[in-house]
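Participant: Mind looking over this structure? Questions follow.
The values are calculated or read from the model by the stated rules, or taken from the named source; none is laboratory data. In this text, all values refer to a predicted model and were calculated from it rather than measured experimentally. Positions of Cβ are generated from backbone atoms using ideal geometry, with glycine treated the same way; all protein chains shown enter the neighbour counts. With ligands, DNA and RNA removed, areas are computed over all heavy atoms of the protein, side chains included. Shrake-Rupley method; radii C 1.70, N 1.55, O 1.52, S 1.80 Å.
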Amino acid sequence: MSAQPLQVQFDPSAARFGESRSQKRLEDERLLTGKGRYSDDLEFANAAWLVLVRSPHAHARVVAIDLAAVKSAEGIIAAWTMAELRADGVGHIPFPPLFKRADGSPMAAPPRTPLAEGEVLYVGQPVAAIIATTRALAQDAAELAAIEYDDLPCVVDPREALKPGAPQVWAQAPGNVAAEAQYGDPEKVKKAFASAAHVTTLELHNQRVIAMALEPRACTAVHENGRTTLYTQNQTPTGARELLGAVFKAKPDAFRIVVGDIGGGFGMKTGLTPEDALVCHAARKLGRPVRWRAERSEDFLAAHMGRDQHHRARLALDADGKILALETETVANIGAVPVGSSAMIPLMLTPKVQTTVYHVPLVHYRTQAVLTHTMATGAYRGAGRPEANFLIERLMAKAAREMKLDPAELRRRNFIRRAQFPYRTHLGDTYDDADFAAVLDKLLAHADWNGFASRKKQSEQRGRLRGRGLAVYLEWTGALPTETVDIEVNGKGEVTVFSGTQAMGQGLETTYTQLLTQVLGTEVKSITIVQGDTDRANGVGSVGSRSAFVGGSAVVAAGRKLIVEGKALAAEALEAAAADIEYRDGRFYIAGTDRAISLGELAGRQTRRVIRISATETPSTPSWPNGAQACEVEIDRETGAVSIASVASCDDIGCIINPMIVEGQIHGGVAQGAGQALWEQAVYDPSGQLLTGSLMDYCVPRADDLPPLRAAFDEAMPCKTNLLGVKGCGELGTIGAAPAVVAAVLDALDAPHLEMPLTSEKVWRALNARAR
């Protein structure tokens, strides 16, 4: 689309924040020496334990629940159904009413009650809550719950759910469509396809995956002095507090959320869960701390999953391989009881980046968010952007194969050109700046793309197939792009930063400290970063790779504001004009003299013996990180086993604050993307039972499954819409890895398409089919 005016906020003087200083992570000493504060590290006197009785059925009417035997068991304090919770005024966890059905009516889906009410809608749905003096006693008593079910028909495949006569998940959502969205101009697209020299068609399933955080979900609630404190693992503490207020029909400040260290989040630990609400209710009602912790298999059943989108797509091209139009139909499985992000991902985030780095003149997208008798899908590393990028990259690879064009050259012909920036997308967003061709060229050199033939020959000499794959991709970051940071300086010169973003392994303590030391010129040891406590700091949290982009910008803005306001206070203390005050390295000076006062001394002179300031930063538009990955694989002809021989990446994430942290984020993302490409898939059988309910059945990548990853970066295009010029990097590796790995396997097999995951069995079957 055409270039559009763009509000520019990037401050070129802030480019020094991209000095690329690889400082060791400040948090690592604490985490590696066993001083982290994970859920099981917390101790609470007189704490009770909550255990849940979960549904063994995917769809059934709850005929009767008898908890008499449970209540008489040893150590039992209480046992509840949703009826008791309703009597106590406990409501449901709301989801954002952002979308509509085709007839214009609001999105329709079952309410997310902490316990099932009347019917169960997926295996693993909580039905009864058991509270006992110990976890073991609660688990034993849960076996005594007598629950009578009337089994009902179920549907687990969203395509089957759309068929006439399919079992209905929710009466208010006829046809099992919770909501849908359309974008683009179908008539113009139809004409473009009619005039196209070539049309590439593709059907694929971006399969369901499990977030598999190393630390299972856990929470503890404590009710004291009329307030409830929830100790939990949550990427969005302030949002969780707001949702608790809705569930209990109370003001949000009746609750406090405290988050320690998080052993992996990946989007799954966002919002509020039924277990969070249940421990809060139990603590409020019983007057003692109440704890819950998921078993690994319990988390597999009842924590929201990712992906699960079925796509049918067509790409129209002219005789030279220039794209004319794109048409997609997406059926997204959002499960039975959606979480807050369930519908947002397929209906908004996937379409937002569907054309990625390419100039596509015309589009038409139709997406349906479909209810099935499965656990909900929701945010998982990338959240909609991996699905969009995978689809367009598979289309580009298939078109190059069909048109006998070099895959890199076909991409170059269709990149958005430098002259087209700022570039307005079909959904109304604006890309500020990029040079996709330069990134691709750098990647191809970095990966030694042209040296592939010799490596392939070496593999053949060892009796193995070798293939190479390419992916070019684009990400959207900066969800809810506003963040407020408070900074407090005390009389000792100690600086405390209060931020509503949330660390979960991405190194925010180090990143924010680096930024602030460069603004204030103070020692690293003088700075403390406070996150994860809604009594001390509030904000959107950490989702969508927004922390440095929005949160880091707010840290810098607050540091600069501290200096400006400090100059006025220093002028008063030094009896000088404010215009004559200079600041450097933690001290305010009268210009041209040696008279000065330190930041700490100045704070000590204030009424409260501190200086506290607050700054809110709102980048003018989201950022658009982008990159390219090249992957090479080897395949064992006898077993079909795929080994990843090499992965190289080149990413444009704007200015880099700490290269070591950034490279670690890319590496972790690549591992998860490769995991989806080759191994991971959550599978339900037709009766709604989860067949991949443990790590015995669900395969995740290990360190020895991946080669050393070679990451390169292009900082030539700083983001123009935030103070730091950064673009976000936490999800980029995941987005590029899956299409690159799949393309490499298909190249080795000389096959047009196979569905993920490309397991050894699937590859072996493809090899044998080719041999016949």
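Participant: So which of 616, 593 ends up being without any contact (Cβ under 8 Å) to a residue 40 or more places away in the chain, over 30 Å from residue 411 (Cβ atoms) and among the hydroxyl-bearing types (Ser, Thr, Tyr)?
Facilitator: That would be 593, the only listed residue that is without any contact (Cβ under 8 Å) to a residue 40 or more places away in the chain, over 30 Å from residue 411 (Cβ atoms) and among the hydroxyl-bearing types (Ser, Thr, Tyr).
Participant: Within the range 463-484, take every residue that is among the polar types (S, T, N, Q) and under 23 Å from residue 732 (Cα atoms) and give me the one that is surrounded by the fewest Cβ atoms within 10 Å (Cβ to Cβ).
Facilitator: This residue is 482.
Participant: Additional query: Within the range 661-670, does at least one residue satisfy the condition of being modelled with pLDDT of 95 or more and part of a loop (DSSP other than H, G, I, E, B)?
Facilitator: No; the residues of the range 661-670 include none that is modelled with pLDDT of 95 or more and part of a loop (DSSP other than H, G, I, E, B).
Participant: Also, I was wondering about something else. Under the condition of being closer than 21 Å to residue 439 by Cβ and of a type in the set (Ser, Thr, Tyr), which residue from the range 636-665 is most open to solvent (accessible area, probe 1.4 Å)?
Facilitator: So, considering only residues that are closer than 21 Å to residue 439 by Cβ and of a type in the set (Ser, Thr, Tyr), the one most open to solvent (accessible area, probe 1.4 Å) is 646.
Participant: Now for a separate question. When only residues in the range 1-42 that are at pLDDT 50 or above and of a type in the set (Asp, Glu) count, which is most open to solvent (accessible area, probe 1.4 Å)?
Facilitator: 29
Participant: In the range 496-507, what residues are assigned to a strand (DSSP E or B) and open to solvent by less than 10 Å² (accessible area, probe 1.4 Å)?
Facilitator: Within the range 496-507, 497, 499 qualify.
Participant: Hey, among 708, 701, which residue is open to solvent by 20 Å² or more (accessible area, probe 1.4 Å), farther than 30 Å from residue 154 by Cα and either aliphatic (A, V, I, L, M) or within 22 Å of the chain's Cα centre (by Cα) (or both)?
Facilitator: Selected residue: 701, the only one of 708, 701 that is open to solvent by 20 Å² or more (accessible area, probe 1.4 Å), farther than 30 Å from residue 154 by Cα and either aliphatic (A, V, I, L, M) or within 22 Å of the chain's Cα centre (by Cα) (or both).
Participant: Here's a follow-up. Which of (1) farther than 16 Å from residue 286 by Cβ; (2) out of contact with any strand residue (DSSP E or B) (no Cβ under 6 Å at 6 or more places or on another chain) is the odd one out, the single condition residue 90 does not satisfy?
Facilitator: Result: residue 90 fails condition (1) only.
Participant: Same structure, new question: If a residue has to be out of contact with any Lys or Arg (no Cβ under 7 Å at 6 or more places or on another chain) and buried (at least 21 other Cβ atoms within 10 Å of the Cβ) to count, how many in the range 682-692 make the cut?
Facilitator: 3
Participant: To continue, here is another question. Can you find even one residue in the range 402-412 that is part of a helix (DSSP H, G or I) and within 29 Å of residue 347 (Cβ to Cβ)?
Facilitator: Yes, some residue in the range 402-412 is part of a helix (DSSP H, G or I) and within 29 Å of residue 347 (Cβ to Cβ).
Participant: Looking at 179, 132, which is the one that is open to solvent by less than 30 Å² (accessible area, probe 1.4 Å) and either among the hydroxyl-bearing types (Ser, Thr, Tyr) or closer than 22 Å to residue 348 by Cβ (or both)?
Facilitator: The unique qualifying residue is 179.
Participant: Within the range 611-635, count every residue that is more than 30 Å from the chain's Cα centre (by Cα), surrounded by fewer than 20 Cβ atoms within 10 Å (Cβ to Cβ) and not basic (Lys, Arg).
Facilitator: Residues flagged as more than 30 Å from the chain's Cα centre (by Cα), surrounded by fewer than 20 Cβ atoms within 10 Å (Cβ to Cβ) and not basic (Lys, Arg) within the range 611-635 amount to 1.
Participant: Now for a separate question. What about residue 390, is it under 27 Å from residue 332 (Cβ atoms), aromatic (Phe, Trp, Tyr) and in contact with a helix residue (DSSP H, G or I) (Cβ under 6 Å, 6 or more places away or on another chain)?
Facilitator: yes
Participant: Return a yes/no flag: does the range 753-762 have any residue that is touching a strand residue (DSSP E or B) at 6+ places or on another chain (Cβ under 9 Å), among the hydroxyl-bearing types (Ser, Thr, Tyr), in a loop (DSSP other than H, G, I, E, B) and under 28 Å from residue 159 (Cβ atoms).
Facilitator: Yes.
Participant: Quick one: count up the residues across the range 684-711 that are free of Cβ contacts under 8 Å to residues at least 60 places away in the same chain and aliphatic (A, V, I, L, M).
Facilitator: 3
Participant: Mind telling me which of the residues 668, 730, 725 ends up being open to solvent by less than 20 Å² (accessible area, probe 1.4 Å) and at negative phi?
Facilitator: 730
Participant: Spot the failing condition for residue 76; the list is (1) in contact with a strand residue (DSSP E or B) (Cβ under 8 Å, 6 or more places away or on another chain); (2) open to solvent by 10 Å² or more (accessible area, probe 1.4 Å); (3) farther than 30 Å from residue 224 by Cβ, and only one is missed.
Facilitator: (3)
Participant: Another question about this same structure. Looking at (1) closer than 19 Å to residue 68 by Cα; (2) open to solvent by less than 60 Å² (accessible area, probe 1.4 Å); (3) touching a strand residue (DSSP E or B) at 6+ places or on another chain (Cβ under 7 Å), can you tell me which one residue 139 breaks?
Facilitator: (2)
Participant: Okay, moving on. Tell me yes or no: at least one residue of the range 365-380 is within 15 Å of the chain's Cα centre (by Cα), assigned to a strand (DSSP E or B) and surrounded by 19 or more Cβ atoms within 10 Å (Cβ to Cβ).
Facilitator: Within the range 365-380, one or more residues are within 15 Å of the chain's Cα centre (by Cα), assigned to a strand (DSSP E or B) and surrounded by 19 or more Cβ atoms within 10 Å (Cβ to Cβ).
Participant: Restricting attention to the range 744-765, which residues are closer than 15 Å to residue 398 by Cβ and open to solvent by 60 Å² or more (accessible area, probe 1.4 Å)?
Facilitator: 747, 750, 752, 755
Participant: Can you name the residue in the range 326-364 that is assigned to a strand (DSSP E or B), open to solvent by less than 20 Å² (accessible area, probe 1.4 Å) and not hydroxyl-bearing (Ser, Thr, Tyr) and is also nearest to residue 430 (Cα to Cα) among such residues?
Facilitator: 363
Participant: Let me spell it out: the conditions are (1) in contact with a Ser or Thr (Cβ under 6 Å, 6 or more places away or on another chain); (2) outside any loop (DSSP other than H, G, I, E, B), and residue 510 meets all of them except one. Which number is the exception?
Facilitator: It is condition (1) that residue 510 fails.
Participant: Residue by residue through the range 197-226, note down the ones that are part of a strand (DSSP E or B), open to solvent by 30 Å² or more (accessible area, probe 1.4 Å) and either on the phi > 0 side of the Ramachandran plot or touching a Phe, Trp or Tyr at 6+ places or on another chain (Cβ under 7 Å) (or both).
Facilitator: Scanning the range 197-226 gives a single hit, 199.
Participant: A further question on this structure: Right, residue 493: farther than 30 Å from residue 352 by Cβ, open to solvent by less than 40 Å² (accessible area, probe 1.4 Å) and assigned to a loop (DSSP other than H, G, I, E, B) or not?
Facilitator: Criteria met by residue 493.
Participant: Quick check on my filter: what residues within the range 513-532 are outside any helix (DSSP H, G or I) and either in contact with a Pro (Cβ under 7 Å, 6 or more places away or on another chain) or not β-branched (Val, Ile, Thr) (or both)?
Facilitator: 521, 523, 531, 532 - these are the residues of the range 513-532 that are outside any helix (DSSP H, G or I) and either in contact with a Pro (Cβ under 7 Å, 6 or more places away or on another chain) or not β-branched (Val, Ile, Thr) (or both).
Participant: Any residue in the range 461-478 that's of a type in the set (S, T, N, Q): show its pairings with residues that are surrounded by 22 or more Cβ atoms within 10 Å (Cβ to Cβ) and part of a strand (DSSP E or B) at Cβ separation under 8 Å, as long as the two are six or more apart or on different chains.
Facilitator: Here the result reads 477/623, each pair linking the range 461-478 to a residue that is surrounded by 22 or more Cβ atoms within 10 Å (Cβ to Cβ) and part of a strand (DSSP E or B).
Participant: Go through the range 79-106 and report how many residues are surrounded by 13 or more Cβ atoms within 10 Å (Cβ to Cβ), under 28 Å from residue 344 (Cα atoms) and among the charged types (D, E, K, R).
Facilitator: Adding up the residues that qualify gives 2.
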